[in-house]
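For reference, the structure is listed below as structure tokens.
All of the numbers you see were taken from the coordinates with simple rules; none came from a lab. As the structure is a computational prediction, the values presented were derived from the model and not from experiment. Because the Cβ atoms are built from the backbone with ideal geometry, glycine has one as well, and the counts that use them run over all protein chains shown.
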Amino acid sequence: MRNNTLFAIPATGILASGIITGNYVNNSGTGIGAGVGSTVIGNTAVNNTEAGIAADCPSNVTDNTAVNNGVNLQLIFHGCNNTNNVAP
């Protein structure tokens, strides 16, 4: 799943496994939901009511921006590579 722009999706904007890159999700429930073993790189999730980015671990979550969400970055279980994310 790559290079999508989604706005105001009432549930989860992107729910996928595999490579998730270059996406922008704004004003949704959860911005991006990533399944186990996913590579989540270079995405932006802002102003989502639940999680900006939620990843089932183990996954690679790198170089993403998640701000002003209910929870900016949610890593579910253990073993995710969490590197260079802007998710205060």
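Quick notes on this one:
- Only one of the numbered conditions (1) farther than 18 Å from C57 by Cβ; (2) in a loop (DSSP other than H, G, I, E, B); (3) β-branched (V, I, T) is violated by V25, and that is (2).
- Some residue of the stretch 9-17 being hydrophobic (A, V, I, L, M, F, W, C) and closer than 13 Å to D63 by Cα: no
- Which listed residue, of G31, G52, G42, is buried (at least 24 other Cβ atoms within 10 Å of the Cβ) and within 15 Å of R2 (Cα to Cα): G31
- The conditions of being outside any loop (DSSP other than H, G, I, E, B) and surrounded by 14 or more Cβ atoms within 10 Å (Cβ to Cβ) are not met by N69.
- Given (1) without any contact (Cβ under 8 Å) to a residue 24 or more places away in the chain; (2) in contact with a strand residue (DSSP E or B) (Cβ under 9 Å, 6 or more places away or on another chain); (3) outside any strand (DSSP E or B), number of the condition I20 does not satisfy: (3)
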